Every structure is written in structure tokens, then in C-alpha cells.
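Here's the structure we're looking at; comments come further down.
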Amino acid sequence: MLLTGKNAIVTGGSRGIGRAIAISLAQQGATVAVVYAGNTAAAEETLQMIEEKGGHGILFQCNVADDVAVADMVKSVKEQLGSVDILVNNAGITRDGLLMRMKESDWQAVLDINLTGAFHCTKAVSKIMMKQRSGAIVNITSVVGLTGNAGQVNYAAAKAGILGFTKSVAKELASRGIRANAVAPGCIDTDMTAVLGDSVIEEMIKTIPMGRVAKPEEVAQVVVFLASDNASYITGQVLNVDGGMVM
Ligand code: NAP
């Protein structure tokens, strides 16, 4: 067990990659605060899966784009669990469309949740971690943040923003014993990619040397590593989990 006695916050923990991360952290002994936007049934299912595997967790409905709600959520996690040792900024959405046709609201919603959400959570948690003089932050970006992608100017900009954010946080907080790293998934089998349809996924698979999409658990294991003391000398890094899509 790599994370016995640790407390973690996972945003977007109700479904997909966040769910797999929450379950994997709990399997390593962490108590996990599963943060979700509105899908209470899915969040409860995640908690049930954690408990079935002998782990512990609590649920928080909280919009990461709302700074006041995030501050309240983090305060409440600290009160209930006693510390916050791990933060995984995973909550994310897509609102795809070509630049020329992209609505201001679709640009803003993606930036607000995918980038500003990570800022809100990291800011609130960093105060606690600085007092503890320890902590691990893992931000979920995307290979699209490295390469860009037609039809995703909002999403790619937010994910590229996460890279600069992660490296800056790593530099600011390293002296306080806090590490910050990013994981860049390629194509992972979740609700987010299910909406793309089979033909788009098939085209995408042609660009992946390993010739397949990944399971959310394959991302979760890398997050566990970065959150654990096994990664004690790693900060400010980006690890691609993409079957070789981007080298
Ligand atoms: P998903 O299946 O669509 O799940 C999204 C999660 O984010 C849900 O738990 C959702 O909560 C939560 N969420 C959305 N808006 C939120 C908000 N405002 N506040 C709090 N939580 C919010 O997505 P996924 O595929 O697992 O993606 C997870 C992360 O990986 C995202 O950052 C995504 O950009 C990134 N990523 C995914 C892929 C991929 O291929 N799937 C590739 C690269 C990067 P509810 O259940 O309550 O709606």
C-alpha cells in the first residue's frame, strides 16, 4: 500500500478517468474525497466501488469553476479528514467546434472548468499543504495541449494552460515539500470519447503506435505513482499516457 494514511481530493471523480483514479488511490490506502459536478448517481457508484474494494471515501458535489464553492469544499474535506495530502485536478469538459464558429460561451466554459477550476482547487489546497510542508498535486492535461487539435481551440488552450500552470506551481511550492506534475492522456475509453463515434475513434487509433485506446485504469496507475513517495524527486513534469501517440 503506497498511500496508507493519506487523504486525497479527486475532482471529476464520479466518472471515467477520475473514477479510476479515485478507486486506485483508495486501493493504495488513501481516503478519497470524490468531487463531482451533478451526476450524484455516478458519484455514489464510485463510492460504492471504493468501499467494495475495502477503501474509504466521501462525496462532494462542487463546481470547480466556482471559487467560493471550491474553498468551502476544501475546508470541509480538511475538517472531515484532518489533512489534504493529494490533489488530482481531473474535472474536465469538451465543447468542440471550429474556431470561426465557436461561441464565446463554449470557449469560456471550457477555460472556466478545465483551467480555472484547477487554479481554484490548487490555490485552496496549497494553503493546507504549505502548513503541512508536504503534498502532491497531479493535473490531468491532454496530448492535445502539446500538439493542438483542429476543432478544439478552447480545450487545447486550457490543456496547454495546465502545463504552464503545473510547472509554475512546481517551482513555487517545491521548497515547501509540495510536488506538482501533469499527466497527458491520449485517447481513453470514457463518456468524453464515446460521443465522438466509432469512425472518429478508428481514425484516431491509426495515429497510435500501440493501435488501441486505453482503459481509464491505465491513466490512474500513473497518477498513483506521481502521487506517491515513489515519485519523491519528480516535480514539474508531464507524463504522456498515450500508447506512443506523441513522442
Ligand atoms: P468524463 O468521463 O466526461 O468525466 C468528466 C468528469 O468531470 C465527471 O466526473 C464530471 O462530473 C466532472 N466534471 C465536469 N464538470 C465539472 C465541474 N464544473 N466541476 C466538477 N466536476 C466536473 O471525462 P474523462 O474522459 O474521464 O476525462 C477526465 C479528464 O481527463 C478531463 O480533464 C479530460 O479533459 C482529460 N482527458 C481525457 C481524455 C480521454 O480520452 N477521455 C484524453 C485526454 C485528457 P459529473 O459526473 O457530475 O458530470
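Coordinate-derived values only; no laboratory data. Note that the structure is a prediction, hence the values are computed from the model and not measured. Cβ placement follows ideal geometry from the backbone for every residue including glycine, while neighbour counts extend to all protein chains displayed.
A Förster radius of 35 Å, combined with the Cβ-Cβ distance separating ASP189 from ARG101, puts the computed FRET efficiency at roughly 0.80. Give the residue from VAL246, ALA231, THR31 lying farthest towards the positive end of the charge dipole for the chain; charges sit on Cβ (+1 for Lys and Arg, -1 for Asp and Glu) and the dipole is referred to the Cα centre. After comparing all options, I get ALA231.
Taking only the alpha-carbon positions of the chain and ignoring solvent, what does the Debye formula give for the base-10 log of I(q)/I(0) at q = 0.11 Å⁻¹? Result of the Debye calculation: -0.52.
Computed over the chain with a Gaussian network model linking Cα atoms closer than 10 Å, the most mobile of LEU115, LEU173, LEU163 is LEU173.
The dipole here belongs to the stretch 75-121: it is taken about the Cα centre, uses +1 on the Cβ of Lys and Arg and -1 on the Cβ of Asp and Glu, and is about 60 debye.
Considering only GLY236, GLY57, GLY164, the Gaussian network model of the chain with Cα springs below 10 Å gives its largest mean-square fluctuation to GLY164. Legend: distances between Cα atoms for LYS123/LYS206; LYS53/LYS167; LYS75/LYS167; LYS75/LYS159; pairs beyond 31 Å are LYS123/LYS206; LYS53/LYS167. A Gaussian network model of the chain, with springs between Cα atoms under 10 Å, assigns the largest mean-square fluctuation among SER14, SER105, SER126 to SER105. Footprinting exposure proxy ranking of ARG176, ARG19, ARG212, fewest other C-beta atoms within 10 angstrom first, gives ARG212, ARG176, ARG19.
Once you divide the Cα radius of gyration of the stretch 23-89 by 2.2 N^0.38 Å, the number left is 1.08.
In percent, what relative contact order does the chain have, based on Cα pairs under 8 Å that are 6 or more apart in sequence?
Once divided by the residue count of the chain, the mean separation gives 19 percent.
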